[in-house]
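Below is one structure; the comments refer to it alone.
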Amino acid sequence: MPKPVGVARHNRLLSLLPEEEYARLAPQLETISLSPGEILQEEGEPMTHVFFPKTGILSLLAHLRDGDSIETAAVGNEGMVGVSVYLGAPACPTQVLVQVLGTAFRLPARRLRAESARGGVLHEYLARYTNALLASSGQTIACNRFHHLDARCARWLLATHDRVPANEFVLTHESLALMLGVRRAGVTTAAGALQKAGLISYTKGHVTIRNREGLERMACECYDAVRSNLEDAFRSLPGALARD
């Protein structure tokens, strides 16, 4: 089932910058590979770089003293990891983990600060994106507290499908359990229910979306809420130019 048009396969935030602003960043934009399970940033440490995913997905994780952790937000080709740099914070408040393999642009944090200080389109979009990310984090926290696991699993799979260039992607039980804040047995039950309903296939860590419309009906309201937050953040600005 084809995906809805919306998020470009390259990084959307960068693609909307005017030529002049993009040209100032381009020489220091380095493409890197993202491997599942790779930690790009530890909680509490200063960020030396920010990341603009292209095809991979990065998870922002909150950790508790007992060792448990849960995803507070996921970032794909719609945005950037490193809003703490934009906000001038001394350290990253979360751990940044590669959830789905792919690629990303890496930019020195000092370069982002310098360009944002100019007060151009990048500065405006980062302000909007930061607001959307905070709203999405709040929605995710509420979702994890109040909504049924099957609906939460459907939401997460849809959000992943939006950000990857295919209907199939690699996602292990361990990864999905970490994102949803549940034990592996809970993931097995939820994924099994979605597979039995003919919405997905899930074999040996590979997920294939079989029926996107059905998965959207299964998902909770949080999927649409988070998408709406992001779409509001990317309303056109004067001088912005879409770029693949």
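Figures for the structure shown
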| item | result |
| --- | --- |
| Inter-residue pairs, beta-carbon under 8 Å, first free of Cβ contacts under 8 Å to residues at least 24 places away in the same chain and in region 186-207, second outside any helix (DSSP H, G or I) and crowded, with 23+ Cβ neighbours inside 10 Å, 6+ apart | S201/V207 |
| Matching residues in region 88-113 - criterion: being open to solvent by 50 Å² or more (accessible area, probe 1.4 Å) and farther than 29 Å from E168 by Cα | G88, P90, P93, R110, R113 |
| Positions within region 116-139 being surrounded by 17 or more Cβ atoms within 10 Å (Cβ to Cβ) and touching a His at 6+ places or on another chain (Cβ under 8 Å), in sequence order | S116 |
| Boolean, Q195 is open to solvent by 20 Å² or more (accessible area, probe 1.4 Å), assigned to a helix (DSSP H, G or I) and touching a strand residue (DSSP E or B) at 6+ places or on another chain (Cβ under 6 Å) | yes |
| Filter result (touching a helix residue (DSSP H, G or I) at 6+ places or on another chain (Cβ under 6 Å) and either free of Cβ contacts under 8 Å to residues at least 24 places away in the same chain or open to solvent by less than 10 Å² (accessible area, probe 1.4 Å) (or both)) within region 208-224 | I209, L215, C222 |
| Where a residue in region 91-107 is at positive phi and its partner, wherever it lies, is open to solvent by 30 Å² or more (accessible area, probe 1.4 Å) and not in a strand (DSSP E or B), with Cβ under 6 Å and at least six apart | G102/T55 |
| Top-ranked residue of region 47-77 - restricted to ones that are open to solvent by 10 Å² or more (accessible area, probe 1.4 Å), assigned to a loop (DSSP other than H, G, I, E, B) and of a type outside the set (A, V, I, L, M), ranked as modelled with the highest pLDDT | T48 |
| Output for region 26-46, where each listed residue is hydrophobic (A, V, I, L, M, F, W, C), open to solvent by less than 30 Å² (accessible area, probe 1.4 Å) and within 17 Å of the chain's Cα centre (by Cα) | I32, L34 |
| Positions within region 80-118 being small (G, A, S), in contact with a strand residue (DSSP E or B) (Cβ under 8 Å, 6 or more places away or on another chain) and at pLDDT 95 or above, in sequence order | G82, A104, A109 |
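The values are calculated or read from the model by the stated rules, or taken from the named source; none is laboratory data. The shown structure was predicted, so the numbers you read here are calculated from the model rather than taken from an experiment. Cβ atoms come from the backbone with ideal geometry, glycine included; neighbour counts cover every protein chain shown. We work out accessible area using only protein heavy atoms, side chains counted, and drop any ligands, DNA or RNA first. Shrake-Rupley method; radii C 1.70, N 1.55, O 1.52, S 1.80 Å.
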